[in-house]
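Colleague: Take this structure, written in structure tokens, and hold onto it; I'll ask about it next.
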Amino acid sequence: MFELKTPEETRQGLVARINSYQPLIEDIAVSLYRNPELGLSEVFASQKLKSILEAEGFSVEAGIASMPTAFRAAWGSGRPAIAFLAEYDALPGVGHGCGHNLMAACSTAAALACRHAIPAELPVRWLLIGTPAEETVGGKLAMVDAGVFADVSAAFIAHPERQNGLGGSSWASHPLELTFHGRTSHAGASPQDGINALDALVAAYTQIRNLKNSLRDDVRLAGIITHGGDVPNIVPERAQARFTVRAKDWRYLETIVLPKVKQVAEGAALAGSATVELRHHEPLFKETLEHPVLREIARRNFEYLGETIPPPPEGAGGGVTDVGGVTWVTPCIQIRFAMTSARPHSRELADDTITPRGIQATLMAAKVLALSALDLAYNPAALAAAHDHLTQILNQQQ
Ligand SMILES: [Zn+2]
């Protein structure tokens, strides 16, 4: 496909530098593990990363995209501008059960190593972008909308998993809230004078679930009723449900699936003389777009480090990440690194992030990210090819 042009002594220097960051990686991993913070409240985590980066000469812009815990740290002023993305939000109840403490450590180490390993003649700008609330509102989506990635030439991120991997399988998602409105009345004495919002919602729920028979197999329509009335002797005037609406690609989701779901909800409301309000309570998460150039570079760097990449497990998919949104605006890859045998979003996985295996795996992943970033910096033709690929896809979509 193309040659990797980074000089061998620069590669070795980078690997050695990341090895020297083991205490730093451990410090970030353990301190975030001990102070897990939910999305948009990651004050400790973002502050910690910002001060580490500032101490190494990065200039930090904080509170970007209207999120106090989002930030962008930059070193150098040239082009290309290559970014490492850090997540640091935890989960309720299970702390860092998704291992975002390791993602923070990994990207920070990679950014620092690149800043030091880069020879003066390469005018690269290194960025560490702190992206809050992956698990909740998808902070990267607001950052994409705010133009945070507009001048980013390429972006790298690494997620802890059970197996090494080259990214890919994340789906599109656009969660929908349905609120049915009716009219109260005495449920015993005069039910005929009321309009039962719950009945309309239950009809809609059943019909939405049945839609799967007329949609592609990859569509996921899972819902819960979040409000079903107040007391049984009053006809419910308000009933509410939330649905996760997912498919492999966002075009199908937006043009086929969501119109059908909305049509069914409106039909059920009409049939019950109720009305329905439809609202997306979370933004559209686009699926992760694959960038073959970045995949190939990352694959070769896994191999350079003696790592194997097993094929993704059978039936993988259905997960969603806001990294997907970034992959539609700049070449971006989320690699996966093996550090656990625990299930995702578990207390066991959180505990594994601070074991020697967890730390070593994070060091390895930081090397893959940093080496891959350097390969792009040394090979403008590869970076141009990555951008051509994205432009082609965007043109096809129009
Ligand atoms: Zn995660």
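The values are calculated or read from the model by the stated rules, or taken from the named source; none is laboratory data. Keep in mind that this is a model prediction, so the values were computed, not measured. We place every Cβ from the backbone using ideal geometry, glycine too, and count neighbours over all the protein chains shown. Side chains are part of the model used for accessible areas, which takes the heavy atoms of the whole protein and leaves out ligands, DNA and RNA. Shrake-Rupley method; radii C 1.70, N 1.55, O 1.52, S 1.80 Å.
Colleague: Listed highest first by mean packing, meaning other Cβ atoms within 10 Å per residue, what order do 239-250, 283-294, 255-266 come in?
Modeller: Details: 239-250: 20.6, 283-294: 22.3, 255-266: 17.0.
Descending mean neighbour count gives 283-294, 239-250, 255-266.
Colleague: OK, next. For the chain, state what percent of all Cα-Cα pairs lands in each successive 20 Å bin, counting from 0 Å until the bin that includes the largest distance.
Modeller: 27, 50, 19, 4, 0
Colleague: Next question, about the same structure. Is it possible to state the helix-based mean residue ellipticity at 222 nm for the chain, with each DSSP H run of 4+ residues giving -39500 (n - 2.57), the sum divided by total residues, to the nearest 500 deg cm²/dmol? What is it?
Modeller: Helices in the chain give a 222 nm mean residue ellipticity of -12500 deg cm²/dmol.
Colleague: Three principal axis extents, largest first, for the C-alpha atoms of the stretch 172-279, in Å?
Modeller: Reported extents, whole Å, longest axis first: 50, 21, 20.
Colleague: By the scheme Lys and Arg +1, Asp and Glu -1, what is the net charge of all other residues having a beta-carbon under 13 Å from that of G99?
Modeller: -3
Colleague: What's the percent breakdown of Cα-Cα distances in the stretch 198-253 across 10 Å bins, shortest bin first?
Modeller: P(r) over the stretch 198-253, rounded to whole percents: 22, 43, 24, 10, 2.
Colleague: Indicate the gyration tensor shape class of the stretch 316-371 (rounded, prolate or oblate), computed on the Cα atoms with a ≥ b ≥ c the square roots of the eigenvalues: a/c under 1.5 is rounded; otherwise a/b larger than b/c is prolate and the rest oblate. Mind showing how you got there, number by number?
Modeller: Values: a/c = 2.99, a/b = 1.36, b/c = 2.19.
It is oblate, given that a/c is not under 1.5 and a/b is not larger than b/c.
Colleague: Within the set of other residues whose C-beta is less than 9 Å from the C-beta of A382, count the net charge using Lys and Arg as +1 and Asp and Glu as -1.
Modeller: Computed value for this residue: -2.
Colleague: Let me ask another. In Å², and per residue, what accessible area does the chain have when probed at 1.4 Å with the other protein chains present? Don't jump to the answer; show the numbers that get you there.
Modeller: Working: 16500 Å² over 398 residues.
Accessible surface, normalised per residue, equals 41 Å².
Colleague: Any idea what the relative contact order of the chain is, in percent, if you count C-alpha pairs under 8 Å spaced at least 6 apart?
Modeller: So the answer I get is 23 percent.
Colleague: Now for a separate question. How much net charge surrounds L141 when only the other residues with a Cβ under 12 Å from the Cβ of L141 are counted, with Lys and Arg +1 and Asp and Glu -1?
Modeller: -2
Colleague: Taking Rh as the Kirkwood radius, which is the inverse of the mean 1/r over Cα pairs, what is the Rg/Rh value for the stretch 1-154?
Modeller: Radius of gyration relative to Kirkwood radius: 0.98.
Colleague: Still on this structure, please answer the following. What helices does the chain hold that run 15 Å or longer along their axis, going by alpha-carbon atoms, with a Kyte-Doolittle average of 0.0 or more, using DSSP H for the helix calls? Each step should come with its number before you reach the end.
Modeller: Details: long enough: 8-20 (18 Å, -0.82); 22-34 (18 Å, 0.30); 43-55 (18 Å, 0.48); 100-117 (25 Å, 0.62); 197-210 (20 Å, 0.46); 258-271 (20 Å, 0.46); 292-304 (18 Å, -0.75); 356-378 (33 Å, 0.88); 380-397 (26 Å, -0.07).
In the chain, the long hydrophobic H runs are 22-34, 43-55, 100-117, 197-210, 258-271, 356-378.
Colleague: Another question, then. Counting only pairs 8 or more residues apart or on different chains, how many lysine pairs in the chain have their Cα atoms under 27 Å apart?
Modeller: Taking the chain as the scope, the lysine pair count is 18.
Colleague: Shape call for the stretch 1-44 from the C-alpha gyration tensor, a ≥ b ≥ c root eigenvalues: rounded (a/c under 1.5), prolate (a/b greater than b/c) or oblate?
Modeller: Taking the square roots of the gyration eigenvalues as a ≥ b ≥ c, the stretch 1-44 is oblate.
Colleague: In terms of solvent-accessible area of protein heavy atoms at a 1.4 angstrom probe, what is the ranking of D217, D375, highest value first?
Modeller: Values: D217 145, D375 0 Å².
From most accessible down to least: D217, D375.
Colleague: What accessible surface, in Å², does a 1.4 Å probe find on Y378, ignoring ligands, DNA and RNA and rounding to the nearest 10?
Modeller: The accessible area of Y378 comes to roughly 50 Å².
Colleague: Leaving out ligands, DNA and RNA, what percent of the accessible area of the chain is carbon and sulfur, probe 1.4 Å?
Modeller: Working: 8470 of 16500 Å².
So the carbon and sulfur contribution to the accessible surface is 51 percent.
Colleague: Give the long-range amide H neighbours of C332: residues separated by 5 or more places, or on another chain, with amide H under 5 Å away, using H modelled in the peptide plane at 1.01 Å from N.
Modeller: Amide H neighbours of C332, under 5 Å, 5+ apart: A155.
Colleague: Next question, about the same structure. Ranked highest first by average number of other Cβ atoms within 10 Å, how do 105-111, 11-17, 133-139 line up? Numbers along the way, then the final one.
Modeller: Values: 105-111: 31.3, 11-17: 17.1, 133-139: 21.6.
In descending order of packing, they fall as 105-111, 133-139, 11-17.
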